[in-house]
Amino acid sequence: MDNINESMPEVSDSIVQGDKDYNESVELLNTRYFDQSREKAKSAEDNYNDSLHTLQNIKDKYNKDLNEVHRDYIDTTINELELKLQAVDNLKEAIDYLESYDNYTGSAYGSDANEIMYDAVNYQNERNEIVQNNTELFN
């Protein structure tokens, strides 16, 4: 459990940084700074992947030692991260299409990214609720 507890702040920090990078990427895209938007999208992807790999390793190594709350937290967070990575993929496609003046296709990918991120935020809220309802396990 000590390994798990030590890893959780890193997981959380990477998700927070990924969210920040994702939002900055969208803002940069909206102002047509394509290269900078692509860099921020890549950074978001890297942060999300770091957290996802850490959680998958914890689940693989320690699954039998996890209590139900930790399992729910990890599964919820993995679902959240998988959706956020899909949103990043769509955002990167949007960047590519908009940069090459294919506004219709680029906008479609951008809309898909927004919808997927909206679904991911539902998992994020669920994850936050798990933490709030079990503060003794997440200190």
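Numerical summary
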| read-out | value |
| --- | --- |
| Residues satisfying the stated conditions in the range 17-34, i.e. over 16 Å from the mean Cα position of the chain (by Cα) and surrounded by 19 or more Cβ atoms within 10 Å (Cβ to Cβ) | 28, 29 |
| Among (1) open to solvent by 60 Å² or more (accessible area, probe 1.4 Å); (2) among the charged types (D, E, K, R); (3) modelled with pLDDT of 95 or more, the one test that residue 64 misses | (3) |
| Candidates 14, 37 - the one that is under 19 Å from residue 81 (Cβ atoms) and open to solvent by less than 50 Å² (accessible area, probe 1.4 Å) | 14 |
| Filtered residue count, the range 77-113, keeping only those that are among the polar types (S, T, N, Q) and more than 18 Å from residue 35 (Cα to Cα) | 5 |
| Cβ-Cβ under 8 Å pairs, at least 6 apart or on other chains, the range 119-139 side within 21 Å of residue 84 (Cβ to Cβ), far side surrounded by 15 or more Cβ atoms within 10 Å (Cβ to Cβ) and of a type in the set (Gly, Ala, Ser) | 120/87 |
| First in the range 51-75 and in contact (Cβ under 8 Å) with a residue 60 or more places away in the chain, second anywhere and of a type in the set (Lys, Arg), Cβ under 9 Å, 6 or more apart | 66/59; 73/127 |
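Each row is one residue, and each column tells you yes or no for (1) crowded, with 20+ Cβ neighbours inside 10 Å; (2) at pLDDT 95 or above; (3) assigned to a helix (DSSP H, G or I).
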| residue | (1), (2), (3) |
| --- | --- |
| 57 | no, no, yes |
| 60 | no, no, yes |
| 70 | yes, no, yes |
| 79 | no, yes, yes |
| 91 | yes, yes, yes |
| 106 | no, yes, yes |
| 111 | no, yes, yes |
| 135 | no, no, no |
| 138 | no, no, no |
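The values are calculated or read from the model by the stated rules, or taken from the named source; none is laboratory data. None of the values given here were measured: they were computed from a predicted structure. Methodologically, a virtual Cβ is constructed for each residue, glycine included, from the backbone with ideal geometry; neighbour enumeration extends over all protein chains shown. Each accessible area value is taken on the protein alone, full model and side chains, heavy atoms only, with ligands, DNA and RNA left out. Shrake-Rupley method; radii C 1.70, N 1.55, O 1.52, S 1.80 Å.
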